[in-house]
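Reading through the structure tokens given below for one structure.
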Amino acid sequence: MALFWSALAPSSAFAGTAASVSAPFLHARHAAVASDSRAASAAGVEILKAGGNAVDAACAATLALGVVNPFASGLGGGGFALIYLAKTGKATVLDFRETAPAALAGRLKDAVGLKPQSGLSVGVPGEARGLAELVRRFGALPFSRCVEPALRLARGFAVSPWLAQQIRDEIERNPTSGPDLIAKIFSVDRQIATQLRAGDRVARLALAATLERLQREGPASLYAGDTAAAIVDAVTAAGGVLAPADLAAFVPIERQPLAVDFLRRHVLTVPPPSAGGTIIVEALGILAHRVTAWKREAGPNAPDYLHNLAEALKHGFADRARFLGDPAFSRLPLAHLLDARYHRELAQRIQPDRVLAHDDYGTQMKSPTEPARDGGTAHVSVVDKTGNAVALTSTINLEFGARIVAGGIVLNDQMDDFTTATEPCGEPPSFARRVPSREGLETLPGFPCQTPVFALTGSQANRPAPGKRPVSSMSPSIVLGDRGVELVTGAAGGPRIVSATLQILIDVLAFGLDAQQAVATPRVHHQWEPDILYYEPGLPAETVKALENKGQRPTSRPDIGKANAIVRSRSGLDAAADPRSGGEAVGY
Ligand code: DON
């Protein structure tokens, strides 16, 4: 243990690096839940105190988030849970990512691309079946118990400042239909909807009825019968193709976590169809080889570190673009992407004072557009008193998902994560010829095109097909060290999820920042295409200049991801929610 702590730089060395806004911070002796909402974190702790474990608590906090932050996640969406069970030392992933309705691919053949927040953009929701399965397999309490706090909240809760902001933004973006959407979600009239402010009490009565059935009858109540019919009708009325058979066919999938060793710790994260974990493993693998080049002692705002971080992200996102898709539909070259020798090779390509030519970050590319939109995802971190941990990220994609509500449920627009913007995606990329000996590469078709909103380059491997899951950026992660779970983290924010999570991992493991500093400190983001290094305004001007001198193209933007973290400290657990979203951690 002494060895472990001496491996960390003293956090006081970087005291000046944290953002001026401080993260809501908690020190707990036994257990903690961190999320984008105090009410949701409290729901998790209520379940822990009632005898539940981290899995039950993650279920309760996630369901509660879906009630109090209807713009971000909920029963209409899907996600990934990474679970670590202290007793067996085993970790596993439950993938409850939305799938494409059977008729979607056919419809897209006639369309130019997929319009986000439309009927066609709705994927088969996975959250209810995912959470129920999680609790059935790994929980300590019945699933019905973890529904309780969400049900209570659906009957009445106070609007948070962040929800009030999201409501204002929605009405500003959609002055005609926005008030109707808000009115429907909260069962109020249009005029009241436009006047909702922080502190106002609201209820979600239609959702409460759905949650009552979920509690009584389990997840089957959402995938067949009245609620399923209401979902299908609402999507059909909006021009979508979701059918009862699509709902009936949805199943969550258990998967093996990805793992990488970084600075003597074991980092666990999620596999495809999320790209987040693969990029994190690649980036940490690369950065581990360049520790001397990025000079840990200079701290997380140092240009040398941020340059190496940006270069590592570019390698990772370039590989995402070329290769990643639902593993049930394409052979993914994971053995190659996760190979430590490959990471060393990528690390050797990084130059200290310049950037590389575009194609040297893996291989290929096409035109960029500005990434946007940040509010449709929620991450929950939990550690319980016996050392179990859950990192669970769930999403309805953009703010208020597809903007379609059925049975009180806000439906996702997750099909936006397929590469559909340009048709067709084109010929096989040249990398297949450049590395023919690697597993599977030569068989992968597809010249990159992009996802509609997040402008993520992708190949044929991420084109829609019946029952297929679109590639995600969600990156729930858990770090194991000498004392079991030492860090649980994850984020919201589209592609910025990956960079935010990666930086929190590095901030804690390499720079020794505490939970609060790691979550609050200014972040950067690079996704290879477009060739822009986004940075938050808190980054010192001289750092930005130095990055420019190395050939990066820095552009300021606010809010690079919304994250939270629980970090094991000497006397318990430190937890912090993101000051960018107004969340809060709760524990005991
Ligand atoms: O799974 C994904 O990568 C996206 N659907 C996440 C969207 C997102 O994070 C939006 N805002 N926070």
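The values are calculated or read from the model by the stated rules, or taken from the named source; none is laboratory data. None of these values were measured; they are calculated from a predicted model. Neighbour counts run over all protein chains shown; Cβ positions are idealised from the backbone, glycine included. Calculation scope for accessible area: heavy atoms of the full protein, side chains included, ligands and nucleic acids excluded. Shrake-Rupley method; radii C 1.70, N 1.55, O 1.52, S 1.80 Å.
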Two-site FRET efficiency, Arg557 against Ala229, from Cβ-Cβ distance with R₀ of 41 Å, rounded to 0.05: 0.45
Check: segment 74-210 dipole with +1 on Lys, Arg Cβ and -1 on Asp, Glu Cβ, in debye: 400
With all protein chains modelled, accessible area of Asp36 [1.4 Å, Å²]: 10
Segment Arg331-Arg155, length gained on full extension (0.36 nm per residue, minus Cα span): 58.7 nm
Where the chain is the region considered: accessible area per residue in Å², 1.4 Å probe: 33
Cα gyration tensor, segment 34-116 - rounded (a/c under 1.5), prolate or oblate: oblate
Simple label model, 7 Å out from Cα along Cβ direction - Thr292 to Gln351, nm: 2.1
Estimated FRET transfer efficiency when R0 is 60 angstrom, pair Thr176-Arg341 (beta carbons, to 0.05): 0.60
Violating pairs (Cα-Cα greater than 24 angstrom) within the set Lys90/Lys468; Lys90/Lys385; Lys115/Lys468: Lys90/Lys468
Estimated 222 nm signal from helices in the chain, with DSSP H stretches of n ≥ 4 weighted -39500 (n - 2.57), rounded to 500: -10500 deg cm²/dmol
Nearest-0.05 FRET efficiency for Ala249 and Ala541, computed from C-beta distance (R0 60 Å): 0.65
Point-charge dipole on Cβ atoms (K/R +1, D/E -1) for the chain, about Cα centre, debye to 20: 740
The chain: radius of gyration and largest Cα-Cα distance (Dmax), Å: 22.0, 64
Furthest towards positive pole of dipole, Leu153, Ala50, Ala378, structure part the chain, Cβ charges: Ala50
Centre separation in Å (Cα based) which lies between segment 557-588 and segment 246-322: 20
Segment 224-242 versus segment 100-160: alpha-carbon centroid distance in Å: 13
Cβ crowding within 10 Å averaged over residues, with 201-209, 335-343, 298-306, 281-289 ranked highest first: 281-289, 298-306, 201-209, 335-343
Protein accessible area in the chain, 1.4 Å probe - carbon and sulfur %: 54
Cα gyration tensor category, rounded, prolate or oblate, for segment 440-588 with a/c compared to 1.5: oblate
Rounded if a/c under 1.5, otherwise prolate or oblate - segment 178-234, Cα gyration tensor axes: oblate
Virtual spin-label span in nm between Asp360 and Ile192, 7 Å along Cα→Cβ: 6.2
Residues of type aspartates and glutamates that Lys295 reaches as a straight line, Cα spacing below 18 Å, ignoring anything fewer than 8 places off in the same chain: Asp304, Glu311, Asp353, Asp507, Glu542
